[in-house]
Amino acid sequence: MATGRLLCPFFGTYAQDFMTKRLVGLSLLTAMAAVPAAQAQRLGERIEGGTFGQYTKIDDKVRMDNVAGIGARAGLSVYKWLGVEGDIQIGSTKANRAPNEDITYRPLRGLATLTVPFVPSKKAALVLGAGYVNSVYAGRSTANEYEDGITGLVGLKLCSSGRWGARIDGILDNNPSPNEQNFDGTSRNLGLRAGVTYALRGGCASIEQFDWALKIDPATATMARGSNRQFALSAADMKARPIELRKVMTLTCTSSDASVATVDNSAKVTAVKNGTATITCKGLVKKIERSASSTVTVPPPAWTLTMTPTSGATDVGKSLSLSAKAVDADNVDLGAITWSSANASVASVSTGTVTCNAAGTTAVTAAKTAYGSSQSKSATVECTAVAAARVALDETLFDFDKAIVLKTGMDTLKVVLDAMKRMPTLRISVEGHTDWYGDDAYNNTLAKSRAAAVMATMLKLAGPDAASIKDRIVSSSFGEQCIIAPNGDADPGPPRPRVSKANKAAQAPNRRVEIWQLMDGKGAPTSCRSADERAGHVPFGDLK
């Protein structure tokens, strides 16, 4: 019979016992299945203690009553998911064979443990253990008070968010040496315990699921267009322990907008153009993908708007050209310019071409918006009125109430024709008028006839040049609308008497055909000539 605190020589032989093999095998299989999901603390990172109450069913062969007792345990992490723990308990029992002595049952255990979390929760774990047990039966009348054996444990551990937790365990002690001198065989004691644990170091959960983080530095950056910058990448596990970048698998970096900034897989960033882009790097460690991002801002380059000339002048009806251009610091043309005139009635503008519409001065502005900002430049444009050439074929060129050009009028027309031959771009307007005697319809017809008679006479006088002259003549008539000499008696109205010689003479200036030089861009007039136009006219013979 084996006695004392030494391991029984039968330990190795009986360690292969069926029940023990099943318990240990179950522990190892469960541990192997859980390893990929778990990452435990290293040696000493978790140290915990606890107390428990236990009820032990003593093998009937030992001939003792079952035991209710209390105990204490202590444990620590060793490597990855493995740990060790020891416990001791004490309880009172009584032998149920003579001499029926009172016995103190005091087993001491040392176990290797495997703690398997219920993934993804870290607050519940399966605890499996196997190891050595030395059972003390103090007060037993037989010579052997000590039993050496092997023990197995299956437990459930529930953790709070802090250091406290609870344990419920099932214990099987396998004792290969006899407990009585006259007993030869193996006994098995089965225990059920419940208690609390407290982590003296680390947390309650003995196993943590692995996690890691990837970091890119800086998190935000401003880069000048065309510049390069090497961003820093680093990796660490959940306890801030560095992870070498070579251990980060499939490490790649991308840009949310490659037209703004590009990046290679080492996190080297190149600024391309104005804008904002997000740089994202990601990789795998232990098949867990993590990523990190940085925001890159490329500010707009400086740019300028120029305009030439800054002032200009031309005659009414003519045009002048202005030029404007916007370029950035790299001399890149920023495109179309927006043009406007402060007073379009004086001068209008289209893509830099300014047309004078009336005498006066106005500002013409070129504007551009680029890279989120706006600039403008202005030029002062002066439009000068030019006096038009004019002649009038009045009562000395027409008889009263007639539309036939007299010989004297032909001499005047020759002056106009000479000017048109000297100046191939000269255009004229032939405008017929009457006095106020007679009804409107009659006077309108007479004015139109007089204008037509003048045009026909001019073309006849032009001879072989008639074709080129005709395209530069426009005609209109106004009847008695445009009276320039308000003399003589008023038109009496129907039935009208004969007009007196005095009234005919007084109204003579109104019986006329006027020939006007048409300024650039102008057509036949639709209303009477103004007093200013009449006061500023020049003779056709003076045109050059």
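The values are calculated or read from the model by the stated rules, or taken from the named source; none is laboratory data. All values reported here derive from a predicted model rather than from experimental measurement. Note: ideal-geometry Cβ built from the backbone for every residue, glycine included; neighbour counts use all protein chains shown. Accessible surface is based on the protein model in full, side chains and every heavy atom, while ligands, DNA and RNA are left aside. Shrake-Rupley method; radii C 1.70, N 1.55, O 1.52, S 1.80 Å.
Helix 407-422 axis versus longest C-alpha principal axis of the chain: approximately 40°, rounded to the nearest ten. Maximal additional length on extending the Lys247-Ile88 stretch stands at 52.8 nm, based on 0.36 nm per residue less the C-alpha distance.
Given the alternatives (i) 17; (ii) 58; (iii) 31, percent of Cα pairs over 48 Å apart as computed for this entry is given by (ii). Within region 493-532, list the residues whose amide N lies under 18 Å from a label point set 7 Å along Cα→Cβ of Asp465. Counting backbone N atoms under 18 Å from the label point, the list is 515-518.
For region 398-529, the Kirkwood estimate of hydrodynamic radius, built from reciprocal distances between every pair of different alpha carbons, is 15.6 Å. Using the Cβ-Cβ distance between Lys501 and Met410 with R0 set to 25 Å, the FRET efficiency works out to roughly 0.45. Once you place label points 7 Å from the Cα toward the Cβ at Met519 and Tyr442, how far apart are they in nm? That separation, rounded to one decimal, is 3.8 nm. DSSP bridge analysis restricted to region 419-544 gives an antiparallel fraction near 55%, rounded to the nearest 5.
For Lys215 and Trp164, the FRET efficiency from 1/(1 + (r/R0)^6), where r spans their Cβ atoms and R0 equals 35 Å, is about 0.55.
Expressed as a fraction of 2.2 N^0.38 Å, the value expected for a compact globular protein of N residues, the C-alpha radius of gyration of region 249-366 is 1.89.
When you count the other C-beta atoms within 10 angstrom of each residue and take the mean per peptide, 186-199, 98-111, 531-544 line up highest first as 186-199, 98-111, 531-544. Loop-resident trypsin sites (Lys or Arg not before Pro) (DSSP state other than H, G, I, E or B) in region 48-97 with no more than 13 further Cβ atoms inside 10 Å of their Cβ: Arg97. When the surface is traced with a 1.4 Å probe over the full set of protein chains, Met64 keeps roughly 10 Å² accessible. Near Lys377: Cβ cut-off under 13 Å, other residues only, Lys/Arg at +1 and Asp/Glu at -1. The net charge is +2. For region 365-483, give the share of DSSP beta bridges that are antiparallel, in percent and rounded to the nearest 5; count only bridges with both residues there. Bridges in region 365-483 are about 55 percent antiparallel. I'd like the antiparallel share, as a percent to the nearest 5, of DSSP beta bridges with both residues in the chain. The antiparallel fraction comes to roughly 90 percent. Using the Cβ of Lys273 as centre and a radius below 13 Å, the other residues enclosed give a net charge of -2, where K and R count +1 and D and E count -1.
Across region 56-194, Cα-Cα pairs farther apart than 24 Å form 34% of the total. If you take the Cα centroid of region 338-353 and the Cα centroid of region 367-446, the two points sit 26 Å apart. Multiplying the residue separation of Arg422 and Glu289 by 0.36 nm and subtracting their alpha-carbon distance yields 39.0 nm.
For region 435-510, compute Rh as the Kirkwood radius over C-alpha pairs and then the Stokes-Einstein diffusion coefficient at 25 °C and 0.890 mPa s; write the answer in µm²/s, rounded to an integer. It diffuses with D of about 172 µm²/s by this estimate. Gain on full extension, evaluated as 0.36 nm per residue between Ala98 and Thr297 minus their Cα-Cα distance, stands at 62.4 nm.
Of all lysines in the structure, the ones whose alpha carbon falls short of 18 Å from that of Lys448, not counting any fewer than 8 places away in one chain, are Lys402, Lys470. The packing ranking of peptides 358-367, 497-506, 305-314, highest mean first, is 358-367, 305-314, 497-506, where packing means the average number of other beta carbon atoms within 10 angstrom of each residue. Each Lys and Arg Cβ is given +1 and each Asp and Glu Cβ -1; about its Cα centre, the chain then shows a dipole of about 840 debye.
A Förster radius of 45 Å combined with the Cβ-Cβ distance from Lys318 to Asn228 puts the calculated FRET efficiency at roughly 0.25. With contacts taken as Cα pairs under 8 Å and at least 6 residues apart, the chain reaches a relative contact order of 9 percent.
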